[in-house]
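Reviewing the structure listed below.
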Amino acid sequence: MNDDKLVIAGIEFTSRLWVGTGKYKDFEETKKAIEASGTDVVTVSVRRVNIIDKSKENLLDYIDPKKYKILPNTAGCYTAKDAIRTAMLAAEAGITKLVKLEVIGDEKTLFPDNEAMLEATQVLVKEGLIVLPYMSDDPIMARKLVDIGCPAVMPLAAPIGSGLGIRNPYNIKIIMETVKVPVIVDAGVGTASDVAVAMELGCDAVLLNTAIAGAKDPIAMAEAMKHGVIAGRLAYKAGRIPQKLYATASSPLEGMIGS
Amino acid sequence: MNISLNGEKKEIPDNATILGLLEFLKTQPERVAVELNLNIVKKDAYGTTNIKEGDSVEVVAFMAGGMDS
């Protein structure tokens, strides 16, 4: 798999599993889970620095930015204006121009607001940011985002944190046929087989957070996800057999006794 | 002097620069991004950008969070 690298906007990624840093018990657990996942990309949010409690530990003391690519997101933004502001600050705080853009449309579903996404993407691309958009599993939206300069798209598998897995594999397939950029399934996967399914479909990577952080044993689940991605990717490249309704014998019939 | 820092009133040393403020807050300049009155201040301008009485300053950094959190 070493020659099977993912490249987005000239940046080379060694892992096809990207993980978030939210919802862990503490930074120690975050660190161990991230190590077990084998990832080289971690997503982080952009928040006000705590000016009262300066003793609070910093995530970057545990997640070495030299070892991992830090992918800031605009989580929590409900308007294009807030997302643009947050993304610009993220680009200034970070070392790359890479940002995972989220503009949430609704608190209950956390589904993206497509119109606001397009608006924010347009501005940020002009500002020179590399925008990876979190989007609905909508091929038309994917095409529009790529047309205005996104070097990859990140359709959801199911609502964020739902663990429902890939609800619409056919749309994910159509997105992959519609755009000629990497497709990263983002959000909604629940367990290792979901990740394997995404990779078997031909997706380029999977980003997840809750499925690991919320598992009873996050570190073991992180390792399971790592294997899920590797297995799914290998199966996709190996080319599966066609599905048929009836049996096909796998042993030769020649030389059977009594024939 | 008094400024608005991350949405709260805060007293900081008079004539502070952004760099001075970050030092006062014991924050590592390379790990944050700063807005002065809604305009992003580039890192190389931290030492030369002065804060005035009543200014609004935002200091943000990367925190734990995967997706909408």
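What follows draws every value from the coordinates through simple rules; no lab data is involved. Quantities reported herein were computed from a predicted structural model and do not represent experimental measurements. Please note: Cβ atoms are built from the backbone with ideal geometry, for glycine as well, and neighbour counts cover all protein chains shown.
Using only the Cα atoms of the range A:1-111, construct the convex hull and provide its projected area averaged over every direction, in square nanometres to one decimal.
8.7 nm²
Which pairs in the list A:Lys31/A:Lys126; A:Lys100/A:Lys226; A:Lys32/A:Lys100; A:Lys81/B:Lys42 are over 29 Å apart, alpha-carbon to alpha-carbon?
A:Lys31/A:Lys126
For each of B:Phe62, A:Phe27, count neighbouring Cβ atoms within 10 Å of the residue's Cβ, then give the residues from fewest to most.
Fewest-to-most ranking of B:Phe62, A:Phe27: A:Phe27, B:Phe62.
Given R₀ = 56 Å, what would the calculated FRET efficiency be for B:Thr17 paired with A:Lys5, taking r from the Cβ atoms and rounding to 0.05?
After rounding, the FRET efficiency stands at 0.80.
Report D for the range B:2-61 in µm² per second (integer): Stokes-Einstein, Kirkwood Rh on Cα pairs, 25 °C, 0.890 mPa s.
Rounded, D is 220 µm²/s.
How would you rank A:Asp64, A:Asp3, A:Asp138, going from fewest to most other Cβ atoms within 10 Å of each one's own Cβ?
A:Asp3, A:Asp64, A:Asp138
May I ask you to evaluate 6.51 cos²θ - 1.76 cosθ + 1.60, the Karplus curve with θ = phi - 60°, for each residue of the range A:165-179 and list the ³J(HN,Hα) values in order in whole Hz, giving x for glycine and proline?
Those phi angles translate into x, 6, 6, 9, x, 5, 5, 4, 4, 5, 4, 5, 7, 7, 10 Hz.
Calculated from DSSP H runs of 4 or more alone, at -39500 (n - 2.57) each and per residue, what is the 222 nm mean residue ellipticity of the protein assembly as shown, nearest 500?
-9000 deg cm²/dmol
Given charges of +1 on the Cβ of Lys and Arg and -1 on the Cβ of Asp and Glu, with all other atoms neutral, how large is the dipole of chain B about its Cα centre, in debye to the nearest 20?
Around 120 debye, computed over chain B.
What is the order of A:Phe13, B:Phe24, A:Phe111, fewest Cβ neighbours within 10 Å to most?
The fewest-first ordering by Cβ neighbours comes to B:Phe24, A:Phe111, A:Phe13.
I'm checking a number: the convex hull volume of the Cα atoms of the range A:107-259, normalised per residue, in Å³. What is it?
164 Å³
Placing +1 on the Cβ of each Lys and Arg and -1 on the Cβ of each Asp and Glu in the range A:103-259, which of A:Ala187, A:Gly149, A:Ile172 has its Cα farthest towards the positive end of the resulting dipole?
A:Ile172
For the pair A:Glu35 and A:Glu12, what calculated FRET efficiency results from E = 1/(1 + (r/R0)^6), where r is the Cβ-Cβ distance and R0 = 22 Å, to the nearest 0.05?
With R0 = 22 Å, the Cβ-Cβ based efficiency is 0.65.
When the C-alpha atoms of chain A are aligned to their principal axes, what extent does each axis show, in angstrom, from largest down?
On the principal axes, chain A reaches 87, 40, 37 Å in Cα extent.
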